[in-house]
1. Search segment 83-108 for residues being assigned to a helix (DSSP H, G or I) and free of Cβ contacts under 8 Å to residues at least 40 places away in the same chain, and hand back the single one that is surrounded by the fewest Cβ atoms within 10 Å (Cβ to Cβ).
2. Could you pull out the residue among 135, 151, 201 that is assigned to a helix (DSSP H, G or I), in contact (Cβ under 8 Å) with a residue 60 or more places away in the chain and surrounded by fewer than 17 Cβ atoms within 10 Å (Cβ to Cβ)?
3. Residues in segment 173-198 that are under 23 Å from residue 139 (Cβ atoms) and either not in a loop (DSSP other than H, G, I, E, B) or not assigned by TED's automatic domain parsing to the domain that holds residue 158 (or both): how many?
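The values are calculated or read from the model by the stated rules, or taken from the named source; none is laboratory data. Here the structure is a predicted model, which is why all the values come from computation and not from measurement. Here Cβ is always computed from backbone atoms with ideal geometry, including for glycine, and neighbour counts include all displayed protein chains.
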């Protein structure tokens, strides 16, 4: 079964996919309780524009209430950041506002079958995001291996910004001697003797943001 959140999208799907049983719901919370709780649809389509900013909330709620139900977001801006935001919220597919009825039906069937249809631009954005997450994970892993504390990392970032020990102490509300001890611990863990050596090594390894 297919549930359409948004009258326009539901009406389109009735004509585009006569082989699917389509029902429409408008209210976000009431629909979630009544439709999803009782009928457990295979696919839910969300008309983004018709939900007054509540669409992302609905995607997350559907994922929590019905993990096996797949979500398609309709009417998204094709901008990479926008699409990725929906995918991270739990959407399984998306369609632009100007999608044809044939594209609507095809996407519904692909998502229902367990696929995640994506344009080349969307695939590129996804791989870029995965690479970003991988870099962040590597930085975290290395820092954990070095046993750098959160405070030492804060001090290291301020050193990279050109701050002296007294400036760092003021910025972090610490005493001068505490900051000095943190700096010495960083030197020991990174096996360096100067501030810029610590910064250069951290940047080469990707431990600090640009």
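1. Going through the qualifying residues, I end up with 88.
2. The conditions single out 135.
3. Counting residues in segment 173-198 that are under 23 Å from residue 139 (Cβ atoms) and either not in a loop (DSSP other than H, G, I, E, B) or not assigned by TED's automatic domain parsing to the domain that holds residue 158 (or both) gives 14.
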